[in-house]
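Taking it in order: structure first as structure tokens, then the write-up.
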Amino acid sequence: MPSLDVSFTDEEWKGLCAAAAAEGKSPKQYLHDLGVREMHRTQFVVGAARWADRLRSEFDEAFPDEIPPPQRCTAAAVAPSVEKLCG
């Protein structure tokens, strides 16, 4: 199973330990859960953007005065940044 050795300054370590203790977790479990939570958040954002893209034309018809299409963020714009995280 892959693992990661991460270095912290004394101040960063104290903050990490305090945050972990506030959630009743060890620093190791806290960092693990933080990474997994961020991964799930990112997957949700990409999924929501794709869902919005599928409904975009219907929205544009219903609300023609809203944000013009060239100024919008799309799933295609969000997905590449997610794929770069861990390759």
Need pairs with beta-carbon distance below 6 Å; first residue aliphatic (A, V, I, L, M) and within the range 9-27, second modelled with pLDDT under 95 and open to solvent by less than 70 Å² (accessible area, probe 1.4 Å); sequence gap 6+ or separate chains. none
Take the conditions at pLDDT below 85 and among the hydrophobic types (A, V, I, L, M, F, W, C) and apply them to Val78. Does it pass? yes
Can you give me the number of residues within the range 1-34 that are β-branched (Val, Ile, Thr) and modelled with pLDDT under 95? 1
Yes/no for Glu11 being among the acidic types (Asp, Glu), part of a helix (DSSP H, G or I) and open to solvent by 100 Å² or more (accessible area, probe 1.4 Å): yes
Kindly indicate whether Ala49 is modelled with pLDDT under 95, open to solvent by less than 40 Å² (accessible area, probe 1.4 Å) and in a helix (DSSP H, G or I). yes
Considering only the range 52-72, state which residues are surrounded by 10 or more Cβ atoms within 10 Å (Cβ to Cβ) and modelled with pLDDT under 65. Pro69, Arg72
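The values are calculated or read from the model by the stated rules, or taken from the named source; none is laboratory data. No experiment lies behind these values; they were computed from the predicted model shown. For neighbour counting, all protein chains shown are included, and Cβ atoms are generated from backbone atoms with ideal geometry for every residue, glycine included. Areas reflect the complete protein model, heavy atoms only, side chains present, ligands, DNA and RNA absent. Shrake-Rupley method; radii C 1.70, N 1.55, O 1.52, S 1.80 Å.
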